[in-house]
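Presented below is the structure to which this report refers.
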Amino acid sequence: MWLLKKVVSRFLFPVPFCLELLVVGLLLCFTRRQKAGKGVVALAGLLLFLFGTHFFASLLLDPLENRYPPLSITPGAPVPTALKDAKFIVVLGAGFRGDARRPLEFELDDDSLARLTEGVRVSKVLHCCKLVVSGGPSPGGASSIAQVMAQIAQELGVDRRDMILDDQSRDTEDEARLIAPVVGQTPFLLVTEASHMPRAIALFRKQGTHPIAAPMGYRTTHGQPFSPLELLPAADELRNSERAVYEYLGLAFAKVRGIT
């Protein structure tokens, strides 16, 4: 099921989906349905253009990123009442390069490293919390995302005795299931991208746990004046659109299975 989910979702990402439409349209152009083929080709081009614009990518991401407000925790400030009972900070793993020839921090992709950095920062403010890092084995099997995250966290000053590793999870559903017995009924901070937070919160709550959203890694901005450049396509915006589509697909898949 896990592999099928990963494979099917890839075909529905913005660039592959637009290319699939383009191929279908071109094939139709060589049949009697040329008018329909030209329409499909035009639709593929239009969608690819839209997915690549800041304006459209933000429309997709905003409902996800604004579901939970940012968590304001700063050194020296009083700890918010809602966090006083929290005993764990759970950092969800993301991508993993697993190249042992490179420095340790380059084994994690940018998303995993950003999540870990935020988790470590919060752990230094809330000294009483255990840091839970998650992520299963790399494709090569030499190490897991959680093990690499733990090593980097140690280098950043977190005591190894204050960390708990989940090195078996392959996705967020696994993480929720395997971490639930660790945190029990105790409130805990959940650190992941703002766009990923709605799905992560839903999956953890389904396991009967009580996560407190600590979103980071925002991809959209607010309060800035409109610029015509927002209507021009860019590679970064395609990646943002892909991120949004990935999350919507994950939420839909979980809904169909009755998980959320």
Q: Filter segment 136-155 down to the residues that are in contact (Cβ under 8 Å) with a residue 40 or more places away in the chain and within 21 Å of K87 (Cβ to Cβ), then identify the one that is surrounded by the fewest Cβ atoms within 10 Å (Cβ to Cβ).
A: A146
Q | Criterion (more than 18 Å from Y248 (Cβ to Cβ) and part of a helix (DSSP H, G or I)) met by exactly one of K35, K6 | A | K35
Q: Can you tell me which residue within segment 214-254, out of those that are in a helix (DSSP H, G or I) and aromatic (F, W, Y), is farthest from A202 (Cα to Cα)?
A: Y246
Q. If you go through segment 221-246 one residue at a time, how many are surrounded by 13 or more Cβ atoms within 10 Å (Cβ to Cβ), farther than 26 Å from P70 by Cβ and among the small types (G, A, S)?
A. 0
Q) Restricting the first residue to segment 77-97 and requiring it to be assigned by TED's automatic domain parsing to the domain that holds I212 and more than 22 Å from D174 (Cα to Cα), which pairs with a second residue that is in a strand (DSSP E or B) and modelled with pLDDT under 75 meet a Cβ separation below 9 Å and a spacing of at least six or different chains? A) none
(Q) Looking at A176 and the list (1) under 19 Å from G119 (Cα atoms); (2) free of Cβ contacts under 8 Å to residues at least 40 places away in the same chain; (3) in a loop (DSSP other than H, G, I, E, B), which single condition is not satisfied? (A) (3)
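The values are calculated or read from the model by the stated rules, or taken from the named source; none is laboratory data. Bear in mind the structure is a predicted one, so any value in this text is a computation, not a measurement. Every residue, glycine among them, receives a Cβ derived from its backbone with ideal geometry; neighbour counts consider all protein chains shown.
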